[in-house]
Amino acid sequence: MPIPRRGRFLLLASATAGVVVAAGIAVTGTAEAASTLGASAAQTGRYFGAAIAAGRLGDSTYTGILTREFNSVTPENEMKWDATEPSQGRFSYTNGDRILNQGLSNGSKVRGHALLWHQQQPGWAQSLSGSALRTAAINHVTQVATHYKGKIYAWDVVNEAFADGGSGGRRDSNLQRTGNDWIEAAFRAARAADPGAKLCYNDYNTDGVNAKSTGVYNMVRDFKARGVPIDCVGFQSHLGTGIPGDYQANLQRFADLGVDVQITELDVAQGGNQAGVYASVTRACLAVSRCTGITVWGIRDSDSWRTGENPLLFDNSGNKKAAYTSVLNALNAGGTTSPSPSSSGTTSPSPSPSGTTSPQPTGPCTASVSLNSWNGGFVATVRVTAGSAPVNGWTVDVTLPSGSAVTSVWSAGNTGSSGAVSFRNVAYNGQIPAGGSTEFGFQGTGTGPSATPTCAAG
């Protein structure tokens, strides 16, 4: 989310706050209503967070609300490309670390925002194109995600890559012009750098079922079918005087693909029924079990990028608004329980693409590899499939071309890094049922393997 406004939200004057959620919410209720947003969200296994700025952390009113009310934080700008790599290869994490430490010291989740985006690139990246930009972008993802490894709950790996309008296609940008697989490459690099973080795609004007959200939906469906690591989709939800009537249904259709959904940048213009819109968004999230949390984009109206619209839950002085009360009441009314988060590196293998059937292996196990390559590097995803009997432990041997080398591995251990490399299961993916499969992956320099890997059981 940038500082400039750029008309990024839809004013849905005809929508009403109550139209999103009808009678379909499964209410669990609570023995005692919680008195803060974070605590009330936590009752159903969710978070309620805020985007914050390092420059405001010296404001006692600001930090007082932050530490009292929210159990998740997102940096507004401090982890974006221009902030973390102002000159090529020289990284600066001072303000990003301030946001991280603020969150962790309060026991909050930290959402990383955002690894790659066509806006807020440093000048040196804007001057690059083609393979030079691709290499720089993947290196940026790797370095930043590695710096924060094990500390970030979820990353917005790619932000706002789809075009507005009716095409449902990708936005033209210098990143898009490096090849249509740049988003996939970014997600694979992020998984390699931090296997434990949830990896999200984030966008705006995707809150209802429309051409843009359907374009994102089709990408996520394709990624899940091909084993590209994606764990969540973020819906910014910069709203006007209403919300789409199919808001909840849109969240649910993404959740049905096997990804979490998150409201990532919520704010609502004060004109109209602001409190009702906030409550409806909250109830919609509570009604979708894989909606894991809500983040508002700022704390007080005076902190908002939407100058003059007073779109947040606290006024300029830090007083609670009617919208705050409506959200708290909706949270305390209960909803579906969000599943406990699991390590994204241990998720079940993705299903085969629709309309295809994986062949039943005849040996103890087989292995296949899919590559995502760019000039000077690659990410390999290896699927290990058991034969007609269960497998209890496996080893996959891969031969790399001369000059190529493994730089990182996830969901496996390895012996060797060049030439003949042997990969062995880790504790959580060694047992594969008959006909079942699991995946591991590795990133490397040079070119990826061209020969079919061999698999041995036991």
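Assorted remarks:
- Tally of residues being touching a Leu at 6+ places or on another chain (Cβ under 6 Å) and more than 18 Å from ASP59 (Cβ to Cβ) across segment 295-311: 0
- Meets criteria (within 21 Å of VAL426 (Cβ to Cβ), surrounded by fewer than 22 Cβ atoms within 10 Å (Cβ to Cβ) and at pLDDT 85 or above) for THR399: no
- For segment 30-88, a residue qualifies if it is assigned to a helix (DSSP H, G or I) and small (Gly, Ala, Ser), and the qualifying residues are GLY38, ALA39, SER40, ALA41, ALA42, ALA54, GLY55, SER60, GLY64, ALA83.
- Single unsatisfied condition, THR292 versus (1) over 24 Å from the mean Cα position of the chain (by Cα); (2) modelled with pLDDT of 95 or more: (1)
- Exclusive hit being part of a helix (DSSP H, G or I) and among the hydroxyl-bearing types (Ser, Thr, Tyr), set THR264, THR206, THR214: THR214
- Number of residues in segment 410-435 that are touching a residue at least 60 places away in the same chain (Cβ under 8 Å) and either surrounded by fewer than 21 Cβ atoms within 10 Å (Cβ to Cβ) or of a type outside the set (Gly, Ala, Ser) (or both): the value is 5.
- Selection from segment 171-194 of residues that are touching a residue at least 24 places away in the same chain (Cβ under 8 Å) and either within 25 Å of ASN210 (Cα to Cα) or surrounded by fewer than 21 Cβ atoms within 10 Å (Cβ to Cβ) (or both): ARG171, SER173, ASN174, LEU175, GLN176, ARG177, GLY179, ASP181, TRP182, ILE183, GLU184, PHE187
- Within segment 108-136, residues that are closer than 17 Å to THR295 by Cβ reach partners that are among the aliphatic types (A, V, I, L, M) and at pLDDT below 95 with beta carbons closer than 9 Å, at six or more positions or on different chains, in the pairs VAL110/LEU104; HIS113/MET1; ALA114/MET1.
- Subset of segment 126-152 (residues that are basic (Lys, Arg) and farther than 17 Å from ILE183 by Cα): LYS149, LYS151
- Looking only at segment 109-126, and only at residues there that are touching a Leu at 6+ places or on another chain (Cβ under 9 Å) and in a loop (DSSP other than H, G, I, E, B), the one that is surrounded by the most Cβ atoms within 10 Å (Cβ to Cβ): GLN121
- Residue count for segment 97-108, restricted to those that are part of a helix (DSSP H, G or I) and out of contact with any Lys or Arg (no Cβ under 9 Å at 6 or more places or on another chain): 6
- Only one of the numbered conditions (1) open to solvent by 10 Å² or more (accessible area, probe 1.4 Å); (2) farther than 23 Å from SER92 by Cα; (3) not in a helix (DSSP H, G or I) is violated by LYS149, and that is (2).
- Test: residue in segment 303-320 that is modelled with pLDDT under 95, open to solvent by less than 10 Å² (accessible area, probe 1.4 Å), out of contact with any strand residue (DSSP E or B) (no Cβ under 7 Å at 6 or more places or on another chain) and not aromatic (Phe, Trp, Tyr): no
- Every residue from segment 180-223 that is more than 17 Å from PHE162 (Cβ to Cβ) and not aliphatic (A, V, I, L, M): ARG188, ARG191, ASP194, PRO195, GLY196, LYS198
- Test: residue in segment 299-308 that is on the phi < 0 side of the Ramachandran plot, polar (S, T, N, Q) and assigned to a loop (DSSP other than H, G, I, E, B): yes
- Out of VAL233, VAL209, VAL220, one residue alone is surrounded by fewer than 21 Cβ atoms within 10 Å (Cβ to Cβ) and either among the acidic types (Asp, Glu) or within 30 Å of ASN273 (Cβ to Cβ) (or both). It is VAL209.
The values are calculated or read from the model by the stated rules, or taken from the named source; none is laboratory data. All values derive from a computational prediction rather than experimental measurement. Note that each Cβ is placed from the backbone with ideal geometry, even for glycine, and that neighbours are counted across all protein chains shown. Note: accessible area is taken over every heavy atom of the protein model, side chains too, but ligands, DNA and RNA are not part of it. Shrake-Rupley method; radii C 1.70, N 1.55, O 1.52, S 1.80 Å.
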